[in-house]
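Have a look at the structure below, then the notes.
The values are calculated or read from the model by the stated rules, or taken from the named source; none is laboratory data. This one's a predicted model, so the numbers in the text were calculated from it and none came from an experiment. Cβ placement follows ideal geometry from the backbone for every residue including glycine, while neighbour counts extend to all protein chains displayed.
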Amino acid sequence: MDGTGAGAPAGIGSTLPPSLCDAVDVLRGRPLRISRLAGGLTNRNFRVVTPEGAYVVRIAGPGSGALAIDRDNEYRNSVIAAGTGVGASVHAYVPDESALVIGFIEGRTLRDEDFDSPGILDRAAAACRRLHTGPRFVNDFDMFDIQAGYLRIVLDQGYRLPADYLEHADAVERIRGALAVRRGPTVACNNDLLAGNFIYDGATIRLIDYEYSGNNDPCFELGNIWSECHLSDDQLEHLITAYHGRFLVNRLARARLQGLMGQYGWTLWASIQEATSDIDFDFWPWGMEKYERAVATFRGPDLDRLIEDVQRSD
């Protein structure tokens, strides 16, 4: 859950470790103009301008392994995404410095309200389709497994948990069973497409930040966009139609249920971050907003219909 891209620099005069600059060919021995990029909930991100070009240096924060982030996989999947043309170019990976160096994409990061603008949902669907139809990633991602792993950490460590969180376990198993009925092939997914991970240059959209990337149900990608970007149900229907070329009731239901599981799982991500992160961000309200939306679906009138619709043959 990051959300850094081509936004305005957050201050000039930041520095990078000299050992990192010495380890990266495109930075070594060059005059550097470095600025800290705004955003980022698991990394420190810098825009670095050299005489030859502009780059983003992402330095991982401590403890991100508890969040199911594998930095080697992030690097390898970033290279694959770059090869499709939808991701940024990759210039260096320095494991000893927990650093990834990628090309700076000219454009602007989207905000939730941008999805109201004509053409943005269609371009977002096209970007997802381009990633999903490209080569497979080196690992898999399944929110049911991720959520279970997060939950073990939260319970074992005594981290903060909504009082009624475990009451929804039966509903989760119902959803898992319904999604299994017409499970299709997994594809290369970003799995973290909040608005700030879309870069728009006025013509096309690119996708950045592959920390949580892995082969997954494409409907998780679409449902997670619906949740993270606070799309309306009508906007999700538009996104589904643009992605598939026609409207499919079962795909809409599948995206809604996968988005629900994203909300339920990312709640625990926020709990872990609140307990362990040194980043100045109020994680708990961020997570509770997701949890309250998840509970509204778990306890609301739509869940039975979604579970029925996702098993339809259309």
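So the values come out like this:
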quantity	calculated
Test for LEU67: is it within 17 Å of ILE199 (Cβ to Cβ), crowded, with 20+ Cβ neighbours inside 10 Å, assigned by TED's automatic domain parsing to the domain that holds ASP22 and in contact with an Asp or Glu (Cβ under 9 Å, 6 or more places away or on another chain)	no
ALA275 being in contact (Cβ under 8 Å) with a residue 40 or more places away in the chain, among the aliphatic types (A, V, I, L, M) and closer than 22 Å to VAL181 by Cβ	no
Of residues in segment 120-129 being of a type outside the set (Val, Ile, Thr) and in contact with a strand residue (DSSP E or B) (Cβ under 9 Å, 6 or more places away or on another chain), the one surrounded by the most Cβ atoms within 10 Å (Cβ to Cβ)	ALA124
Elements of type helices (runs of 4 or more DSSP H) in segment 59-177, at least 3 residues being at pLDDT 95 or above and closer than 18 Å to GLY262 by Cα	143-157
Members of segment 244-298 found to be of a type in the set (A, V, I, L, M, F, W, C) and either at positive phi or not in a helix (DSSP H, G or I) (or both), listed by number	PHE247, LEU248, ILE279, PHE281
Top-ranked residue of segment 91-119 - restricted to ones that are under 18 Å from the mean Cα position of the chain (by Cα) and within 29 Å of GLU52 (Cβ to Cβ), ranked as surrounded by the fewest Cβ atoms within 10 Å (Cβ to Cβ)	ARG108
Which numbered condition LEU16 misses (of (1) buried (at least 16 other Cβ atoms within 10 Å of the Cβ); (2) modelled with pLDDT of 95 or more; (3) over 25 Å from the mean Cα position of the chain (by Cα))	(2)
Contacts under 7 angstrom Cβ, first residue in segment 229-247 being over 18 Å from GLU289 (Cβ atoms), partner among the acidic types (Asp, Glu), 6 or more apart	ALA242/ASP122; PHE247/GLU237
Those residues of segment 165-190 which are surrounded by fewer than 24 Cβ atoms within 10 Å (Cβ to Cβ) and under 15 Å from HIS132 (Cβ atoms), in sequence order	GLY184, PRO185, THR186, VAL187
Single residue of segment 130-158 satisfying the filter (polar (S, T, N, Q) and within 12 Å of SER271 (Cβ to Cβ)) that is surrounded by the fewest Cβ atoms within 10 Å (Cβ to Cβ)	GLN157
Subset of segment 191-225 (residues that are aliphatic (A, V, I, L, M), surrounded by fewer than 24 Cβ atoms within 10 Å (Cβ to Cβ) and over 11 Å from THR109 (Cβ atoms))	ALA203
Selection count where residues are without any contact (Cβ under 8 Å) to a residue 60 or more places away in the chain and under 19 Å from the mean Cα position of the chain (by Cα), scope segment 202-216	0
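Yes or no, residue by residue, for (1) among the hydrophobic types (A, V, I, L, M, F, W, C); (2) crowded, with 18+ Cβ neighbours inside 10 Å; (3) more than 22 Å from LEU179 (Cα to Cα):
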| site | (1), (2), (3) |
| --- | --- |
| SER227 | no, yes, no |
| THR241 | no, no, no |
| VAL249 | yes, no, no |
| LEU257 | yes, yes, no |
| MET261 | yes, yes, no |
| TYR264 | no, yes, no |
| ASP282 | no, no, yes |
| MET288 | yes, no, yes |
